[in-house]
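A quick write-up on the structure given underneath.
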Amino acid sequence: MKLFPSVPRHQKWMMGATFVVVAIYSISHNKEQLAEAARTHLTSSTPTVIDGDTVEFPSGRVRIVGIDAPDDDRPQLKALATDALQRLAARDGGLDCSVSMFDYALRRENQCRTDPKSYGRLNLACRFPANKASVGASMVAQGYAVDYRMYSGGAYVGLMQKAAAQRAGLWGVDYEGMRQLAVERATVPDGCAVGTIKQ
């Protein structure tokens, strides 16, 4: 069976060439974004903490990959999570953010990988300079954020479950609110390969 049987040969060639050009452009554009993110290394001893998972540096805003902290729909919890991240950053030398091998390992599935940018923010992994601890793991372990399954691959689920059981951080303030956030962020969207995500 021929595709487009009534279309002249020269138009088929033009359609094919257009497809190839668009595909090459899309691939190169995505590679440019990935390369830019890979080169990005933001560090500050006094970053501006926007909320429990977003930080402002002089050269850009960063969304910490793999976690989600409460937002404006839970204002009390958002304020507490923001304060917790500010205190940790002040105690442990600020924040150091970049694309890490760990984050590439989490991007196993094409449909659920973290894009280099979202809403004007760079999606990066962050560490505390003083002790090299993961910011994402620390926030989840202390009960101020939840595992964001489609971007973490379930990397922080064990830490989250332990924090919930111990009523650590926000789990002790509003267990049901945190449980609802965790359930929302545990959902795997349509098109994602569930088998590649830790249960």
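Values quoted throughout were computed directly from the atomic coordinates according to the rules given, and no laboratory measurement underlies them. Treat the numbers as computed from the prediction; the structure is a model and nothing was measured. Cβ sites come from the backbone with ideal geometry, for glycine too, and all protein chains shown count toward neighbours.
Key figures
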{"quantity": "Spatial separation of Cα centroids for the range 154-172 and the range 84-98, in angstrom", "calculated": "20"}
{"quantity": "Placed amide H near Ala133: partners under 5 Å, 5+ positions off or other chain", "calculated": "Phe128"}
{"quantity": "Length-normalised contact order of the range 40-189 in % [C-alpha pairs under 8 Å, at least 6 apart]", "calculated": "25"}
{"quantity": "3J(HN,Hα) from dihedral phi, the range 56-65, Karplus parametrisation 6.51/-1.76/1.60, rounded to Hz, x for glycine, proline", "calculated": "9, 10, x, 9, x, 9, 10, 9, 6, 6"}
{"quantity": "Karplus-derived 3J(HN,Hα), 6.51/-1.76/1.60, for each residue of the range 176-185, Hz, glycine and proline x", "calculated": "5, x, 5, 4, 5, 4, 4, 5, 4, 7"}
{"quantity": "Mean Cβ count within 10 Å, highest first, over the residues of peptides 130-136, 149-155", "calculated": "149-155, 130-136"}
